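The structure under discussion appears below in the form of structure tokens.
The values are calculated or read from the model by the stated rules, or taken from the named source; none is laboratory data. Since we're looking at a predicted model, the values are computed, not measured. Backbone-built Cβ (ideal geometry, glycine too); neighbour counts: all protein chains shown.
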């Protein structure tokens, strides 16, 4: 959502909360690394993220974690299990201190009738998640370097000059980002080191600096064919 849409949605829910206090809508603060909900538990309501970051993930039987997406301000959480009246199918954990509206199941269905705005935002949010999952599937066919480059380039705006530089402050830990991109932490680390040696990026703490977006976009290094990215390709 845009910032204006986020404010409209927040005002809509706050207004409904004032009109129907018995519906149980509450504003909650979840500290970093605390859980919002766990997979397998009954879905008692959905959430609207007001501030902070929340990672949504699945855990395999072997205990491996796969991040599905990272929710930001304006995103809904757990809308699908609530609408299907099923248990939570994912786990959500605050990646930073987070503020959320919790909307109990009974209030969700009243709000859907009361507020066309909520219906549009829910549909829009679910459509974006489906699109994101399709992109994740497509990324499985790409080499690791391409996945990292795509993540960085997703932060480029249309107004950015072709030769502009780019700085991306990682919203989550490098380990979590590796999981999100479908890479092991070790592979992700090797990719960053390789790209840094070739002059495509500079890594400073949680930030990755791209000296030339144009170089990354054109692939002075031959992504997809050879992850060693030989100098002859430049």
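Inspect all residues belonging to region 3-22 and state whether any of them is in contact with a strand residue (DSSP E or B) (Cβ under 9 Å, 6 or more places away or on another chain), closer than 20 Å to residue 125 by Cβ, part of a loop (DSSP other than H, G, I, E, B) and in contact (Cβ under 8 Å) with a residue 12 or more places away in the chain. No - not one qualifying residue is present in region 3-22. Just a yes or no: is a residue in region 57-65 in contact with a helix residue (DSSP H, G or I) (Cβ under 9 Å, 6 or more places away or on another chain) and surrounded by fewer than 18 Cβ atoms within 10 Å (Cβ to Cβ)? Scanning region 57-65, I find at least one residue that is in contact with a helix residue (DSSP H, G or I) (Cβ under 9 Å, 6 or more places away or on another chain) and surrounded by fewer than 18 Cβ atoms within 10 Å (Cβ to Cβ), so the answer is yes. When residue 39 is tested against (1) in a loop (DSSP other than H, G, I, E, B); (2) surrounded by 14 or more Cβ atoms within 10 Å (Cβ to Cβ); (3) out of contact with any strand residue (DSSP E or B) (no Cβ under 7 Å at 6 or more places or on another chain), only condition (3) is not met. Consider region 128-153 and keep the residues that are in contact with a strand residue (DSSP E or B) (Cβ under 7 Å, 6 or more places away or on another chain) and not assigned by TED's automatic domain parsing to the domain that holds residue 216. The one that is modelled with the lowest pLDDT is 132. When 98, 178 are checked against the criterion of being surrounded by 16 or more Cβ atoms within 10 Å (Cβ to Cβ) and out of contact with any helix residue (DSSP H, G or I) (no Cβ under 7 Å at 6 or more places or on another chain), 98 stands alone in meeting it.
Which residues, counting only those in region 21-36, are at pLDDT below 85 and surrounded by fewer than 15 Cβ atoms within 10 Å (Cβ to Cβ)? Passing the criteria: 21, 22.
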